[in-house]
Amino acid sequence: MKSGNTTNYDICVIGGGFMGAAVALGLVKSGVRVLMVDRISTIQKASKANFGLVWSQSKGLGNRDYSRLSVKATLAFKAFAGWLEQESGIDTELRLGAGLVLSIGEAELAARKKLIQQMHHEAEQSGETHPSRMVDRREVQELVGETPLGENVSGGSFSPIDGDVNPLLLLRAMRKVFSGKGGHFLQGCSVHAIQRTRGMYVLDTTQGTVEVPAIVLAAGLGNIEMATMLGKTVPLAPQKGQLLVTERVAPFLAFPMSGIRQTGNGSVMIGYTNEDTGFEVTTTVSGAAQLSRRALQVFPGLGHVRVVRSWGGLRVLTGDGAPIYDKIDQNAYLLATHSAVTLAAVHTSLLPDWILGGPRPDEIKHFNLGRFHV
Amino acid sequence: MFKPYTSDIRKTVSIDFEGARLSVPAGITVAAAVMGYTGENYIRRSPAGGEKRAPFCFMGVCHECLIEIDGIPDQQACLIQVQDGMHIKRQTGLPQVTK
Amino acid sequence: MKTFRDIIIIGAGPAGLSAAVAAAGYGLDVLVVDEQPSLGGQIYRNIERASDHTLAILGPDYGQGLSLVERFRASQAEYLGNAIVWRIDPNGNICFSRAGKSMEINAKHILIATGAMERPVPFKGWTLPGVMGAGAVDANFKSSNMVPQGPVVLAGSGPLLLLTAGHLVSFGVTITAVLDTTPRGNFLPCLPSVPKALRRPDYLLKGLGMIVNLKLAGIRYVRGVTEYQAHGSDCLDHVSFKTSDRSDTLEAGVMVVHEGIVPRCDLTRQIDITHLWDPVQRYWYPKTTTLGRTEMRAIHVAGDGAFVHGGVSAQLKGAFAAMDIAESLKALPQEKKNGVVRRLKRQLYRELAPRPFVDALYKPRPNLYRLPPDTPVCRCEAVTAGDIHQAIAEGCRDPNEIKAMTRCGMGQCQGRMCGLALAEIMSDLLKLEPGDLKPLNIRPPARNISLSELAGLSLLETKPGVMKIHL
């Protein structure tokens, strides 16, 4: 990367996680010269600490646009992953066609039913349907198969379109295809300062200076700092989630549940807490104990299975839970969502033209910063 | 792979190794019992690739010696002494999610 | 059992036992927890049950542990064996697993004295049954009165390799050859350390003596070995090696490898203490003062787990840590502590005198981790050197990124066997030093704990529920 006056790039994407990589991929496909920068692992990397769900059934309560976008992305994921595999040789272990939010006890089931009914109602108001339905315990057992459920499992909500993917392989594939198509990916590159001079953005980074005519802020929670460099504040906040991962287990669960899924290599992921603890990601003993207890309430047969890893991650929460796609400066775009895995399938196709100066797509017209009255 | 250095005059205990009754000196580790008194040359099969593995460090670090003792899997055999009546079974596949 | 103590000492080796004796002597309430089924750590392993014959074979280096263990037993310190610590917190909480149950207890101070491990160096065939670390030989002899069935081939570098060969000779085990990889060029750079080392002629002569013994026993001793490999279809069958001018193949039933000793940093990394990189011996070690203090008020580290200096130094450092803790708990006046420390430091420096020489002589050879692509690096998850090279080629610049992309370090050993190799391979390819990299994250549980054990965990204080389903 050259420092000083010469520029090699048309646009710099700050952030190489699911959001950044998907958008950068779309941009490089459009033929522009893209630099994607990503800093060394710190605690603030949601991309490395998520569950891998491709999920629509509970997104967008009270927000039709968001629900619609999630469904669209979920339905587009098969083609997206297929294309990535073709281009990168990496199988992202995508599974679609069944996703369950499990309820334990009657109170949880009733609450879940109420939420799903509300989502159906809101969909119907727009003349649409919501792809989800409630299932009882018997149906859940049928879906699961042989492995017995805990006695307190009461049922849940089921989506025939949701599923999961291996998030690490997905990210790896996106980055690989990005580089393969001529994009430049710089890891270990942290942006300290952003300035505008003569219509260019000058980025001060740990690996030198970059001058580009346009930038995309896709740095997750790092966007808070990036936006400040441009004199703006954005309604983004962290929320901690703890997860447990077990050793490899013989295959027993062929589809994901919201708190428990079995990965391609057989290990079981168990999650997750929701904690407002600021920017720290420590795992707690009580968190581990609670997650374990819940997992055993779902599948008592998991008792002897060993936890090999646990971690905490920070969700990128926007003020209202729905994504933010907005212009934050003359040629600077800010993108943020806690659903960047699911939405990756549309980010690659939906956002680049708009970022390159085209009209704002209808699907995202309400996902602006103005709605927060900032 | 291992053999007793001197014939042991210590008392012995009776253990069950995969259905076979064995008499081994009291106080030895389960890892030593498997690698020295059973005639076997491996202690488990690797969960990732399925090939035979034997303990490497014998001191609790490498985790190659994971074995099922009295029905409880994934115990580090090099850290546990044999007890009279112990049932020892090697792990050759992935754990099953049981009842 | 009591859940609150003055000190919890993790590790019942020389550092831990020495600290326990001192701390109990100052009237503190001490608990020692250790994962082994017997006292003594590695060096004094199972010493309480050692026969006279065992003591005769292993000599005073082992036997000197008896008096320490006796003093420990005579002290008021409490001891829990078969206890695996899987989490520690800066506030003095620890979680440990014992007999299938886990509990959380607390102390005003924690002393981590978990010692060292052998440097894990991947090579082709190292995962074959029959290949083991040099420490395994003594461990099985001390714990279980067992010795390897020959023929044995030894390979690697360092005093422990020669010591192990000597023990095997004493056990009457057939040794086919000792393949010494110590680069011939190491000697000259060590010369500056020689004068200091000469203060300990006994130590140096012992080393020379080891080599002489081998030659007397008629064992083939090959120097300047540049690479070695284990072969076999599903178990070890033979070993091949190369020197600068020839190569050979040796029949082997057991292969004993050793490439030095490095601190076990599992718990110090789990708690996120700063670690420093030693460029000579090439390992990470926790940042501590001579008295074992860390940047965390309640955490001390002593013994080989702080820096690899051997058993006698460990005993002294354990005592230092105990005194430092006793002083902060007002059980030992500062004046008195300073006096004892001053006196013991003289002993420590005498003990440490030959170390710079030995550390330099046996520093890991360059290219130790320049591995052919099909070499398994992560034993647990079957990740090869080539997989790591590929991840670096795709842009990964951080060990934790490579772990995420390749699964290296995600298995049951939690990166203990591959973490160092991963850092060294990255450093080699990226022209960095491992000290410039952030080592693999280690998060609790620092050991594998079952879901039922975690679910039934006995906690010190129950927190309100934090669970909410997030979608």
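The values are calculated or read from the model by the stated rules, or taken from the named source; none is laboratory data. Values in this document were obtained by computation on a predicted structure and should not be read as measured data. Using ideal geometry, Cβ is built from the backbone for each residue, glycine included, and neighbour counts are taken over all protein chains shown.
Being at the interface with chain A (Cβ under 10 Å from one of its Cβ atoms) and among the aliphatic types (A, V, I, L, M) is the filter here; which residues of segment C:420-445 pass it?
C:430, C:437, C:442
All but one of (1) part of a helix (DSSP H, G or I); (2) touching a residue at least 40 places away in the same chain (Cβ under 8 Å) hold for residue A:293; which doesn't?
The single condition residue A:293 does not satisfy is (2).
Going through C:392, C:388 one at a time, which residue ends up being in a helix (DSSP H, G or I) and in contact with a strand residue (DSSP E or B) (Cβ under 8 Å, 6 or more places away or on another chain)? First the steps, then the outcome.
Values: C:392 fails: in contact with a strand residue (DSSP E or B) (Cβ under 8 Å, 6 or more places away or on another chain).
Only one candidate qualifies: C:388.
A quick yes/no check of all residues on (1) more than 7 Å from every other protein chain (Cβ to nearest Cβ); (2) under 25 Å from residue C:114 (Cβ atoms):
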position	(1), (2)
B:30	yes, yes
B:56	no, yes
B:72	no, yes
B:76	yes, yes
B:80	no, yes
B:89	yes, no
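Somewhere in segment B:42-56, is a residue within 13 Å of residue B:88 (Cα to Cα), among the acidic types (Asp, Glu) and not in a helix (DSSP H, G or I)? Full working, then the answer.
Kept after step one, since they are within 13 Å of residue B:88 (Cα to Cα), are these residues of segment B:42-56: B:43-44.
Going one step further and asking which of them are among the acidic types (Asp, Glu), we end up with none.
No: zero hits.
Condition test on residue B:64, is it crowded, with 19+ Cβ neighbours inside 10 Å and within 11 Å of chain C (Cβ to nearest Cβ)? So that I can check it myself, show each step before the final result.
On the way: crowded, with 19+ Cβ neighbours inside 10 Å: yes; within 11 Å of chain C (Cβ to nearest Cβ): yes.
When the stated conditions are applied, residue B:64 passes them.
With the condition kept exactly as written, say whether any residue in segment A:75-86 is in contact with a strand residue (DSSP E or B) (Cβ under 7 Å, 6 or more places away or on another chain) and under 20 Å from residue A:340 (Cβ atoms). First the steps, then the outcome.
Initially, segment A:75-86 is screened for residues in contact with a strand residue (DSSP E or B) (Cβ under 7 Å, 6 or more places away or on another chain), giving A:77-78.
Restricting the remaining residues to those that are under 20 Å from residue A:340 (Cβ atoms) gives A:77-78.
Yes, segment A:75-86 contains a residue that is in contact with a strand residue (DSSP E or B) (Cβ under 7 Å, 6 or more places away or on another chain) and under 20 Å from residue A:340 (Cβ atoms).
Which one of A:183, A:145 is of a type in the set (Gly, Ala, Ser) and surrounded by 15 or more Cβ atoms within 10 Å (Cβ to Cβ)?
Values: A:145 fails: surrounded by 15 or more Cβ atoms within 10 Å (Cβ to Cβ).
None of the others qualify; the one that does is A:183.
Residues to consider are A:254, A:288; find the one that is on the phi < 0 side of the Ramachandran plot and without any contact (Cβ under 8 Å) to a residue 60 or more places away in the chain.
Numbers: A:254 fails: without any contact (Cβ under 8 Å) to a residue 60 or more places away in the chain.
Result of the check over A:254, A:288: A:288.
So how many residues does segment A:255-287 have that are outside any strand (DSSP E or B), within 27 Å of residue A:170 (Cα to Cα) and not charged (D, E, K, R)?
14
When the residues of segment C:17-36 are filtered to those that are assigned to a helix (DSSP H, G or I), in contact with a helix residue (DSSP H, G or I) (Cβ under 7 Å, 6 or more places away or on another chain) and hydrophobic (A, V, I, L, M, F, W, C), which remaining residue is surrounded by the most Cβ atoms within 10 Å (Cβ to Cβ)?
Narrowing segment C:17-36 to residues assigned to a helix (DSSP H, G or I): C:17-25.
So of that shortlist, the ones also in contact with a helix residue (DSSP H, G or I) (Cβ under 7 Å, 6 or more places away or on another chain) come out as C:17-23.
Adding the requirement that they be hydrophobic (A, V, I, L, M, F, W, C) leaves C:17, C:19-23.
Working: C:17: 32, C:19: 35, C:20: 30, C:21: 24, C:22: 25, C:23: 31.
Going through the qualifying residues, I end up with C:19.
Give segment A:273-288 a look and list any residue that's at the interface with chain C (Cβ under 8 Å from one of its Cβ atoms) and either closer than 20 Å to residue C:87 by Cα or at pLDDT 95 or above (or both), or say none.
Narrowing segment A:273-288 to residues at the interface with chain C (Cβ under 8 Å from one of its Cβ atoms): A:273-275, A:283-288.
If the condition is that a residue be at the interface with chain C (Cβ under 8 Å from one of its Cβ atoms) and either closer than 20 Å to residue C:87 by Cα or at pLDDT 95 or above (or both), then A:273, A:283, A:284, A:285, A:286, A:287, A:288 are the ones that fit.
For segment A:99-106, indicate whether the set of residues that are away from every other protein chain (no Cβ under 11 Å), over 24 Å from the mean Cα position of the chain (by Cα) and either in a helix (DSSP H, G or I) or surrounded by fewer than 17 Cβ atoms within 10 Å (Cβ to Cβ) (or both) is non-empty.
Yes: one or more hits.
Out of all the residues in segment C:88-103, is one or more in contact with a helix residue (DSSP H, G or I) (Cβ under 8 Å, 6 or more places away or on another chain), under 13 Å from residue B:57 (Cα atoms), surrounded by 24 or more Cβ atoms within 10 Å (Cβ to Cβ) and more than 9 Å from every other protein chain (Cβ to nearest Cβ)?
Scanning segment C:88-103 turns up no residue that is in contact with a helix residue (DSSP H, G or I) (Cβ under 8 Å, 6 or more places away or on another chain), under 13 Å from residue B:57 (Cα atoms), surrounded by 24 or more Cβ atoms within 10 Å (Cβ to Cβ) and more than 9 Å from every other protein chain (Cβ to nearest Cβ).
Tally up the residues in segment A:142-155 that are in contact with a Ser or Thr (Cβ under 9 Å, 6 or more places away or on another chain) and more than 12 Å from chain B (Cβ to nearest Cβ), please.
Here the count works out to 3.
So, in segment C:402-447, of the ones that are assigned to a helix (DSSP H, G or I) and of a type in the set (Gly, Ala, Ser), which residue ends up farthest from residue C:269 (Cα to Cα)? Steps first, answer last, please.
Quick first cut of segment C:402-447, residues assigned to a helix (DSSP H, G or I) only: C:402-406, C:419-430, C:434-436.
With the extra rule that they be of a type in the set (Gly, Ala, Ser), the set shrinks to C:404, C:419, C:421, C:423, C:427, C:435.
On the way: C:404: 18, C:419: 12, C:421: 17, C:423: 15, C:427: 20, C:435: 14 Å.
Top of the filtered list is C:427.
Check B:40, B:51 and return the single one that is at the interface with chain C (Cβ under 10 Å from one of its Cβ atoms), touching a helix residue (DSSP H, G or I) at 6+ places or on another chain (Cβ under 7 Å), of a type in the set (D, E, K, R) and surrounded by fewer than 18 Cβ atoms within 10 Å (Cβ to Cβ). Steps first, answer last, please.
Working: B:51 fails: touching a helix residue (DSSP H, G or I) at 6+ places or on another chain (Cβ under 7 Å).
After ruling out the rest, the residue left standing is B:40.
Return the total of residues in segment B:9-28 being touching a helix residue (DSSP H, G or I) at 6+ places or on another chain (Cβ under 9 Å) and within 10 Å of chain C (Cβ to nearest Cβ). Walk me through it before giving the result.
If we filter segment B:9-28 for residues that are touching a helix residue (DSSP H, G or I) at 6+ places or on another chain (Cβ under 9 Å), which is where we start, we get B:10, B:15, B:17, B:22-25, B:27-28.
Checking the rest, the ones that are also within 10 Å of chain C (Cβ to nearest Cβ) come to B:10, B:24-25, B:27-28.
Looking only at that region, the number is 5.
For every residue, the table says whether it meets (1) assigned to a helix (DSSP H, G or I); (2) in contact (Cβ under 8 Å) with a residue 60 or more places away in the chain; (3) surrounded by fewer than 24 Cβ atoms within 10 Å (Cβ to Cβ).
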{"residue": "C:257", "(1), (2), (3)": "no, yes, no"}
{"residue": "C:262", "(1), (2), (3)": "no, yes, yes"}
{"residue": "C:267", "(1), (2), (3)": "yes, yes, no"}
{"residue": "C:281", "(1), (2), (3)": "no, yes, yes"}
{"residue": "C:320", "(1), (2), (3)": "yes, no, no"}
{"residue": "C:324", "(1), (2), (3)": "yes, no, yes"}
{"residue": "C:327", "(1), (2), (3)": "yes, no, yes"}
{"residue": "C:331", "(1), (2), (3)": "no, yes, yes"}
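Matching residues to (1) touching an Asp or Glu at 6+ places or on another chain (Cβ under 8 Å); (2) surrounded by fewer than 23 Cβ atoms within 10 Å (Cβ to Cβ); (3) not aromatic (Phe, Trp, Tyr):
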residue	(1), (2), (3)
A:32	yes, yes, yes
A:65	yes, yes, yes
A:71	no, no, yes
A:80	no, no, no
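Assess whether residue A:89 counts as being touching a Pro at 6+ places or on another chain (Cβ under 9 Å), of a type outside the set (Asp, Glu) and surrounded by fewer than 18 Cβ atoms within 10 Å (Cβ to Cβ). Explain how you work it out, then say what you get.
Details: touching a Pro at 6+ places or on another chain (Cβ under 9 Å): no; of a type outside the set (Asp, Glu): yes; surrounded by fewer than 18 Cβ atoms within 10 Å (Cβ to Cβ): yes.
Spelling it out, it is not the case that residue A:89 is touching a Pro at 6+ places or on another chain (Cβ under 9 Å), of a type outside the set (Asp, Glu) and surrounded by fewer than 18 Cβ atoms within 10 Å (Cβ to Cβ).
Among the candidates C:61, C:29, C:89, C:138, which residue alone is within 23 Å of residue C:320 (Cβ to Cβ), under 23 Å from the mean Cα position of the chain (by Cα) and among the charged types (D, E, K, R)? Steps first, please.
Numbers: C:29 fails: under 23 Å from the mean Cα position of the chain (by Cα); C:89 fails: within 23 Å of residue C:320 (Cβ to Cβ); C:138 fails: within 23 Å of residue C:320 (Cβ to Cβ).
Selected residue: C:61, the only one of C:61, C:29, C:89, C:138 that is within 23 Å of residue C:320 (Cβ to Cβ), under 23 Å from the mean Cα position of the chain (by Cα) and among the charged types (D, E, K, R).
Of all residues in segment A:186-197, how many are crowded, with 21+ Cβ neighbours inside 10 Å and of a type in the set (Ser, Thr, Tyr)?
Number of matching residues: 0.
Could you tell me which residue of segment B:57-86 is nearest to residue C:379 (Cα to Cα), considering only residues that are in a loop (DSSP other than H, G, I, E, B) and charged (D, E, K, R)? Break it down into steps so the answer makes sense when it comes.
Filtering segment B:57-86 for residues in a loop (DSSP other than H, G, I, E, B) gives B:57-65, B:70-71, B:80, B:82-86.
Okay, now just the ones that are also charged (D, E, K, R), so B:64, B:70, B:84.
Details: B:64: 9, B:70: 26, B:84: 33 Å.
Top of the filtered list is B:64.
Provide a single number: the residues in segment C:306-323 that are in contact with a Leu (Cβ under 8 Å, 6 or more places away or on another chain) and farther than 13 Å from residue C:18 by Cβ. Before you say what the answer is, go through the steps one by one.
Step one: list which residues in segment C:306-323 are in contact with a Leu (Cβ under 8 Å, 6 or more places away or on another chain), which gives C:309, C:313, C:315-323.
Next, only the ones that are farther than 13 Å from residue C:18 by Cβ stay: C:309.
Selection size over segment C:306-323: 1.
Among A:296, A:317, A:302, A:291, which is the only one that is among the aliphatic types (A, V, I, L, M), farther than 26 Å from residue C:409 by Cβ, within 8 Å of another protein chain (Cβ to nearest Cβ) and out of contact with any Asp or Glu (no Cβ under 9 Å at 6 or more places or on another chain)? Let's see the steps before the verdict.
Details: A:317 fails: within 8 Å of another protein chain (Cβ to nearest Cβ); A:302 fails: farther than 26 Å from residue C:409 by Cβ; A:291 fails: farther than 26 Å from residue C:409 by Cβ.
The conditions single out A:296.
I need a count of the residues in segment A:151-176 that are assigned to a loop (DSSP other than H, G, I, E, B) and either surrounded by fewer than 24 Cβ atoms within 10 Å (Cβ to Cβ) or hydrophobic (A, V, I, L, M, F, W, C) (or both).
Count: 6.
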